[in-house]
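For reference, the structure is listed below as structure tokens.
The values are calculated or read from the model by the stated rules, or taken from the named source; none is laboratory data. The shown structure was predicted, so the numbers you read here are calculated from the model rather than taken from an experiment. So basically every Cβ, Gly included, is an ideal-geometry build from the backbone, and we count neighbours across all protein chains shown. Note: areas computed on protein heavy atoms with side chains; ligands, DNA, RNA excluded. Shrake-Rupley method; radii C 1.70, N 1.55, O 1.52, S 1.80 Å.
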Amino acid sequence: MRICMLLVPAVVCAWLSAPAAEPEPRPAKPAAVEFKRDVLPILEAKCLDCHGAKRKDGKLDLRTRAAMLKGGNSGPAIEPGKPDKSLLIELIHFNEMPPKKSKARVTAEEMKTLKAWIEADAPE
């Protein structure tokens, strides 16, 4: 019994003085997609020649969120929170836009950015 009473405090002290395990680092949260920083440069490079200030083919202007929500002849270009239901994503996905003759295609990374922006409710 005496041995037990001597060992218990020693074990408790050893346990309390043991260094705490380092918590596993969390992966960095990706920066939120911003319209002006991330989305607009893609649209400027791939879309605004035909859907911008000088031309609005299909009566569609892609320079602002409000204009994309208003849409053109085919309806709104984006549906905030629903990238897979957004006409912009659908036309890019099926290689209908940008036209093959006029611009380079939207890259996989650019498509990921556009989808993330729309998924986040397409903030201005």
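Data table
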{"item": "Efficiency of FRET from Cβ geometry, residue 55 and residue 112, R₀ 22 Å, rounded to 0.05", "result": "0.20"}
{"item": "Accessible surface, 1.4 Å probe, highest first, among residues 74, 102", "result": "74, 102"}
{"item": "Amide H within-cut-off set for residue 72, under 5 Å, with H built and near neighbours excluded", "result": "77"}
{"item": "Accessible area of residue 37 in the full protein assembly, 1.4 Å probe (Å², nearest 10)", "result": "120"}
{"item": "Surface accessible to a 1.4 Å probe, per residue, for the residues of segment 32-124, Å²", "result": "60"}
{"item": "Using θ = phi - 60° and Karplus 6.51 cos²θ - 1.76 cosθ + 1.60, couplings along segment 75-84 (whole Hz; Gly, Pro as x)", "result": "x, x, 7, 10, 10, x, x, 9, x, 6"}
{"item": "FRET efficiency, 1/(1 + (r/R0)^6) with R0 30 Å, evaluated for residue 73 and residue 45 via beta carbons", "result": "0.80"}
